[in-house]
Structures are given as C-alpha cells and as structure tokens.
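The values are calculated or read from the model by the stated rules, or taken from the named source; none is laboratory data. Bear in mind that the values here come from a model prediction, so they are computed numbers and not experimental data. As a convention, Cβ positions derive from the backbone with ideal geometry for all residues, glycine included, and neighbour counts pool all protein chains shown. With ligands, DNA and RNA removed, areas are computed over all heavy atoms of the protein, side chains included. Shrake-Rupley method; radii C 1.70, N 1.55, O 1.52, S 1.80 Å.
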Amino acid sequence: MKKFIYIFYIIISILAFSACEEEQLYTESFDQEEMLNDDGLNDNTTESGNLNFWDGFLVIVTTLAIAGIILAFFIIFVPLKLWFQAVLSDVRPGWWQLIMMKMRGVPQAKIINLMIRARNSNYIPALKGKNAPKMFTSDWFDRYKKHHELARLLTNYYLAKVDVDVVIDTLIRAISAKQKIELDDLAKKYLSKIDIAAVVHAMIMAKNAKIKEEISIDDLSEYYLSGVNVIDLVKAKIIADNSGLDKTITFDELKSHYLAGGNLEKTIEAYIAAKKAGLPDFEFSDIAAIDLSNIDVLDAIKTAISPHVVETDGVRGVARDGVEITMKVKVTLRSHIKNIIGGVSDETILARVNEGLATEIGLAENHYDILQNPYAVADRVENRNLNTSSAYEILSVDVSDIKVGDDVGAALKSIRAKASAEEAKADLIIAQEKVQKAMAAAFFDGKITVETYNKIKNMEADTEMRKSFTNTEQNENQTEE
C-alpha cells in the first residue's frame, strides 16, 4: 500500500510541475513580445514571472494536500483492493456501508467474504452475467438494494454477537438442499441459543425422508429449546415411518419419551418388532413404559416374540404307593407386554411349576400311573394357572426326564417293624426285671425254696431247647422246598 501512495504522489508531482513549466514558458514568450514593443516594461515582466512561479507552487501544494486527504480517507475507511475484489465477485456493498463498518469496528473483509459466499450460493441475485438485467434499470436497482440489505444485516448481527459464519454456512446448506429459509430468521434463532446447524440438518433429513408428519424449522426449534436432541428425534421418526406400520408415531410421543429419559432408538426398534410379530393389545406407550422401567426393552420384546424355555433341575415326589419319582420338565414361556412391569419373573414361574409337579406326583395312586402317562401329569401342572400376576405366559410344560427312586413305603414299614421289635424287647426286659424282683421277694419271704427255683430254671431251659429244635427243622424244610 505504501508503494501505491508513493507512486500516486510522484504522478501528481510530475503533473503539477509540468503544468507550472508550461505556464512559465507561456509567460516568458509573452514577455518577450512585449519587450519588442516597449522596453520600459522589463521590470514588470520580471515581477509577473515571479508571481506566476509562486502561483504554480501554491497549486502544487494544494493539489498534493487534497490528493493526500482523499487518498488517506479511502485507505482508512474504504479499502479499494477489497472493494474491487467484491465488484469482481459480483457483490456490491456501498461505499458508505464500508465507511460505517470501519467506524463501528466491524471487520470489512469478513463481511465482504460472507457476501461473496452468499452470492455464490444464489442467496442474493446477480448484477452481471447472462441473466442479469441491464444496468441502472429498475430490476438492477432492486438487486442492488438486496446486496446492500445483506451487508446491513450482516453488520448488525455481527455487532449483536451473532456468529455470522455459522449463520451463512447454515443458510448455504439449506439453499443447497432447496429449503427456503431467511437469514433474518436464522440469526434470530441463533440469538435464542438454538443450534441452528443441528435444527436445519434435522429439517433437511425430515424433508428428504418424506416423513408422514409435516415438520417446520419453528417446530424443531421449539423441540430444541425443550431439551430434545432434534437429530435423534427425526431419525426415530424416519425409522418409524419407514417401517411400513399402519399407525405412525407422532413427534409429540417421541418428544415426551425423550424428555422422560427414554432411549428412542431401542424403543422404536422394539415397537416395530412387536407390531411386525403381530403381538396383541399394546401401544407405543406400553413399550415406552417398559424402556423407562430400567428394563432392556429389546430383550423383553424378544421373549414376547420368540418364547424361551427354562428347565427344572429335577422334582422329587412320592406317590401314594410309597415309590419315589424324580421328574424334569421344560417350561416354554412368553412374556406379556402389559405385565412386564411389576410382574413376577421366570424364576418364580419355575418355582410354581416345581411345586405343582411335586403335588401331582403325591396325588397319584401309584407310581405306575405316572410312568404310564407322564404327560398327563405335565398337563395338569400346566392347567393350574401358575402365571397369575406374572410377566410371562406359560405356553407348555413338557416332561424331559423321569426316574424311579426308592420304595419309601417299604422302607418306612421296615423301620416301623424294627421299632416295634425294639419296643417288645424293652417290654420283655421290663417283665423279666419284674420277675426277678418277685423271685427275690419270694426268697426273702420264704415262699419259694432253692429247689423249686432250680426246677423252674430247668423247665425254661427245656422250653428254649425245644423251640430251637423246632426253628431248625422249619429252616431245613424251607431250604428243601
């Protein structure tokens, strides 16, 4: 820039000195002609020549001063290089606007570059080119006013602490996606602490996906101010609408679930899966409630769509004939959507099945009935309505294994017989003790003699011997048979 200033001053100086020299030559020639006519005018001519020299010098100084002031003004307030760059880019900010930008502390280069980007995106119309109107016509002036209006808006919003780069970038993106949005509207939303880039991106996604429910940038801005991630919201809506379901999910339903702390993606996937599987009697609110209950909604819906099987460890029971039976069963369960929240778990269902199986075994008349038809026992267990207040529905109870154990009744009888024998022995011992006491009392009283006592003992020994002979003969006969 300094080089241009020096060159400008040199050119002005050369032109000024040239003009002064020509005027002096003209004056000298005129003086020489006068001298031929009148020799007495030589002194006046000299004075006139001196006067013309100072006039020329004054003209040079004045010209340089005015040129310097004008040049300094344009250098300080109107950057000519930037202005020419704008004109070549078909952008026409006014000189007065550039002066006001400088005085208000607005970076002129930033505003000009933003205007050039806006012009290249066709946000402001062209002033030259094939489709441009002729200069100084009404259409040309209308377009020129739009350029000035854009410069004014960018200046004002820059001073209002708006990130005009973000606003212009978002505007260009919307224009590229053929969405009609005004700069003024975007800037005001930015001042409202709205992430305009996210909102416009969500709107473009919604328009391109052709969702069933209309959504505007104002609606999305309202959702954003409510604390909703508008991009996730639109993605969930797109998934729901593209799933082929007859009944769509509204933005308000999705917004409510998001604000409640729900997982939109999982909830939508679970809802679609349940609808596709033809599960009855549920709405989106039921699926959303499951997700908000800290239950993995996808796993819960998977068990409703594809039933799962649990198996007992082995239930032991005793039939009425005293024979022990051990049975294993497989229980097929399917979750019920409306009862998942607060319903009892599959472990409780399994415990109920074990209890019912043990009861059915105990009610059987003998173990042969169970062995002959074990599935009848499983059917009776299934019909006991064990899934009351449960999150699951019992689809089937199937026997997987059955074993016959000990004859508990016979073992109990043997134990009872042994106990009776032990009791009889105890009674005999007590009786013998009483006899001994009676014999002792008889000896003391003199009612029995030693000879009589010995005869009694001999008779007992003879009786025991005969009993032993009889038992031996019976055993031999049984062996021969």
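Restricting attention to region 317-339 and to residues that are assigned to a loop (DSSP other than H, G, I, E, B) and open to solvent by less than 30 Å² (accessible area, probe 1.4 Å), the residue that is nearest to Glu360 (Cα to Cα) turns out to be Ala319. For region 74-92, how many residues meet the condition of being under 17 Å from Arg143 (Cβ atoms) and crowded, with 17+ Cβ neighbours inside 10 Å? Residues that pass the stated criteria total 4.
Of all residues in region 93-152, exactly one satisfies the criterion of being open to solvent by 30 Å² or more (accessible area, probe 1.4 Å) and β-branched (Val, Ile, Thr), namely Thr137.
Considering only residues in region 340-367 that are modelled with pLDDT under 75 and in a helix (DSSP H, G or I), the one that is farthest from Tyr271 (Cα to Cα) turns out to be His367.
Listed by position, the helices (runs of 4 or more DSSP H) contained in region 31-130 that have at least 3 residues being at pLDDT below 60 and over 22 Å from Val164 (Cα atoms) are 42-77.
So, Asp165, is that one in contact (Cβ under 8 Å) with a residue 12 or more places away in the chain, out of contact with any strand residue (DSSP E or B) (no Cβ under 9 Å at 6 or more places or on another chain) and either under 21 Å from Ile217 (Cβ atoms) or open to solvent by 20 Å² or more (accessible area, probe 1.4 Å) (or both) or not? Judged against the criteria, Asp165 is a match.
Flag: Leu254 does not match the condition of being aliphatic (A, V, I, L, M), touching an Asp or Glu at 6+ places or on another chain (Cβ under 6 Å) and closer than 21 Å to Lys207 by Cβ. Put simply, of Ser243, Ser256 the only residue that is among the small types (Gly, Ala, Ser) and more than 17 Å from the chain's Cα centre (by Cα) is Ser243. Summed over region 264-278, residues that are over 14 Å from Ile239 (Cα atoms) and touching a helix residue (DSSP H, G or I) at 6+ places or on another chain (Cβ under 6 Å) total 2.
Examine region 228-240 for a residue that is charged (D, E, K, R) and farther than 27 Å from Val164 by Cα, and state whether such a residue exists. Looking for residues that are charged (D, E, K, R) and farther than 27 Å from Val164 by Cα, one finds at least one in region 228-240, hence yes. Taking residues in region 135-156 that are closer than 14 Å to Met115 by Cα, and partners anywhere that are among the polar types (S, T, N, Q) and surrounded by 15 or more Cβ atoms within 10 Å (Cβ to Cβ), the pairs with Cβ atoms closer than 9 Å and at least 6 places apart or on different chains are His148/Gln97; Ala151/Gln97; Arg152/Gln97; Thr155/Gln97.
Mind listing whichever residues of region 210-243 are open to solvent by 70 Å² or more (accessible area, probe 1.4 Å), under 30 Å from Lys276 (Cα atoms) and either without any contact (Cβ under 8 Å) to a residue 24 or more places away in the chain or part of a loop (DSSP other than H, G, I, E, B) (or both)? Answer for region 210-243, where residues must be open to solvent by 70 Å² or more (accessible area, probe 1.4 Å), under 30 Å from Lys276 (Cα atoms) and either without any contact (Cβ under 8 Å) to a residue 24 or more places away in the chain or part of a loop (DSSP other than H, G, I, E, B) (or both): Lys210, Lys212, Glu214, Asn242. Does region 305-316 include one or more residues that are open to solvent by less than 70 Å² (accessible area, probe 1.4 Å) and either in a helix (DSSP H, G or I) or in contact with a Phe, Trp or Tyr (Cβ under 7 Å, 6 or more places away or on another chain) (or both)? The answer is yes; a qualifying residue exists. Taking the criterion of being open to solvent by 60 Å² or more (accessible area, probe 1.4 Å) and in a helix (DSSP H, G or I), the residues of region 181-205 that qualify are Lys188, Tyr190, Leu191. The sole residue among Ala260, Ala289, Ala277 that is open to solvent by 30 Å² or more (accessible area, probe 1.4 Å), modelled with pLDDT under 85, out of contact with any Asp or Glu (no Cβ under 8 Å at 6 or more places or on another chain) and of a type in the set (A, V, I, L, M) is Ala277.
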